[in-house]
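The values are calculated or read from the model by the stated rules, or taken from the named source; none is laboratory data. Since the structure is predicted, the reported quantities are computational estimates derived from the model, not experimental observations. A quick note on method: Cβ atoms are made from the backbone with ideal geometry, for glycine too, and the neighbour counts reach across all protein chains shown.
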């Protein structure tokens, strides 16, 4: 059998071997790579269409496909087949997309598709960064124009030390989960969550990651040099001459572009700028119907866009003046409203300038958690945050087509920002869902989501450890001159060199996301950006504190009440009963019951009294009698030799005839009746679990029966119909 030989390249990464292979599988595409790290194996392909599309942007798609056979499972869906990518798969696709997209040449309009297929997952290493490495290698060796290579790694922080590519188990105890992608010269993308870490620790993690990924970049460069294809030629979608750019800029600035850019309001500024642009272009193209006029108009529009970008950047660098007349450090006006929805468990509106997000918190029971059917270790999710971005938030008309990748990404960032501040299930056993509705957007609705979600959680009575706020930072850099911008507008994101989102408490960073559009950002700039972000975050937290300084003392009256009780694990069957009969009877009180394998029982009910009744019933079903303990019992059965007293459901003990009264008892029924309440004390528990009882008020007056042989600290029996014991007073 003639099996083709693969070209194999390897390096050490985080103490394990990373292997890249090509030449054996999927050879019909321009670039095909397998990435192996431990027992995780990923196939990545990259291909480009022969013709340019009519789109006015780069038509790049990155698809991340999980196969359940990779972990030896059959999918849990009704069809038992993988459907659309899950949340984590989509987030992993975004990591690769954000790493590779900035390095495609401007003007490329051919469709490019990168497909990542997880063939084997050892559930030790996170596949996301490996997929990004595979995409870089596939693009680098292909004929697709792309200015790589890049690489991607993850970083943990355990016991004060950075850990490269921590395992999924290590991430459970790590104070940091950070993914960093970069080229040889620059960091391109950062995303992660942290446990209130100081800014300097975050900068150190990014620097550590950028240093460690250089070995991966080196083997991809070697691969490209030895077997890489020649890059395809392409025709840029739009040819712009420098003369056009210079001419339009000169005419625009002379005609008052600066004043137009200082117009208040996003839509007013956009309308006036567009009108000014059309008048300017009309001077150069008086007859729009003439041959070639349409292409000329498009070129001049592009030149005008560059003029707006150049003038906006100049104003910031030279005048410290932004388009809404703020200085670089200034944050837009903020107003906050809490408790805005009468029937929701918790709600808050956070408005910053022209960005507004409504956060809504719902508290659910243990049966409301989200089942996770992906390749990770987690099987359920008890804290969810869902972000919605409807078209009306930007004043547009678009079709609603379900949840977009952007919405998943922004929601995940906000969830990461808050999840370490949300109480654990042991102390607050609710399933929590937060929904962020973007009502207006002009810059960083994801950071407004963090603020509104934090406030809505506190409004619902969730004992949040600390409030969390977020802020988006920008950068304008020309050579050595730069300005860092706080609370950026949407336009500043487009014209700037960095989009750096930072969230945290008063004491440290909880999440960040950074996309850099230039090469050569220095650690000094990063430190300065984090410092400025900290100042902005503290300002926002101060305003949030004025609106709602602490979580409500009680959960919402509309939220289900939760009562917990710990029972011995071996008693779980007693609560469930044969075929679930017992638990159904308990739930008939008006409650839901959730029992963990550890024996922790959670009782959910709209009626707190019903929950307490169920708790007491479970306590009785699972209680264990103790020698010397006094119980309020009920006479369950009378015999010639005494009475059986029920001290809790299913547990009876014998009160011998000699222990019923101080005087001699000839007829038990003269002293006790079935159903009568009586206080009894456990005198002894024999080796079979049988209980001998006495009346505590007769101690010292009646000689107790001699204890039976065997241990005296065993659990009580459950035997109402056991055989009689002989005896009587001698």
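Please count how many residues of segment 661-676 are touching a residue at least 60 places away in the same chain (Cβ under 8 Å) and on the phi > 0 side of the Ramachandran plot. Don't jump to the end; show me each part of the working.
Looking only at segment 661-676, we keep the residues that are touching a residue at least 60 places away in the same chain (Cβ under 8 Å), and these are 664-665.
Remaining after also requiring on the phi > 0 side of the Ramachandran plot: none.
Within segment 661-676, residues that are touching a residue at least 60 places away in the same chain (Cβ under 8 Å) and on the phi > 0 side of the Ramachandran plot number 0.
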When both residues are 6+ apart or on different chains and their Cβ atoms are under 6 Å apart, which pairs have a first residue that lies in segment 677-698 and is assigned by TED's automatic domain parsing to the domain that holds residue 663 and loosely packed, with under 12 Cβ neighbours inside 10 Å, and a second that is at pLDDT below 95 and outside any strand (DSSP E or B)?
687/710
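Tell me, which strands (runs of 3 or more DSSP E) wholly within segment 412-505 include 2 or more residues that are touching a strand residue (DSSP E or B) at 6+ places or on another chain (Cβ under 8 Å) and under 15 Å from residue 383 (Cα atoms)? Walk me through it before giving the result.
Numbers: elements: 431-440, 469-478, 481-486, 498-504.
Of the strands (runs of 3 or more DSSP E) lying wholly inside segment 412-505, those with at least 2 residues that are touching a strand residue (DSSP E or B) at 6+ places or on another chain (Cβ under 8 Å) and under 15 Å from residue 383 (Cα atoms) span 431-440.
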If only one of 232, 270 is without any contact (Cβ under 8 Å) to a residue 12 or more places away in the chain, surrounded by fewer than 18 Cβ atoms within 10 Å (Cβ to Cβ) and outside the structural domain of residue 48 (by TED's automatic domain parsing), which one is it?
270
Which residues, taken from segment 400-411, are more than 19 Å from residue 363 (Cα to Cα) and in contact with a strand residue (DSSP E or B) (Cβ under 7 Å, 6 or more places away or on another chain)?
407, 410
Residue match in segment 576-584 (condition: outside the structural domain of residue 667 (by TED's automatic domain parsing), at pLDDT 90 or above and touching a strand residue (DSSP E or B) at 6+ places or on another chain (Cβ under 7 Å))
yes
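Look through 571, 613, 531 and report the one residue that is under 30 Å from residue 207 (Cβ atoms) and either surrounded by 15 or more Cβ atoms within 10 Å (Cβ to Cβ) or assigned by TED's automatic domain parsing to the domain that holds residue 509 (or both).
Selected residue: 531, the only one of 571, 613, 531 that is under 30 Å from residue 207 (Cβ atoms) and either surrounded by 15 or more Cβ atoms within 10 Å (Cβ to Cβ) or assigned by TED's automatic domain parsing to the domain that holds residue 509 (or both).
Counting residues that are in contact with a helix residue (DSSP H, G or I) (Cβ under 6 Å, 6 or more places away or on another chain), surrounded by 12 or more Cβ atoms within 10 Å (Cβ to Cβ) and modelled with pLDDT of 90 or more, which strands (runs of 3 or more DSSP E) fully inside segment 1-111 reach at least 2? Write out each step before concluding.
Numbers: elements: 7-13, 16-22, 31-37, 40-52, 60-66.
So the answer is 7-13, 31-37, 40-52, 60-66.
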So in segment 249-266, with the set limited to residues that are farther than 13 Å from residue 489 by Cβ and surrounded by fewer than 13 Cβ atoms within 10 Å (Cβ to Cβ), which one is nearest to the chain's Cα centre (by Cα)?
259
Strands (runs of 3 or more DSSP E) contained entirely in segment 314-404, each with at least 1 residues that are under 22 Å from the mean Cα position of the chain (by Cα) and within 27 Å of residue 273 (Cα to Cα):
355-364
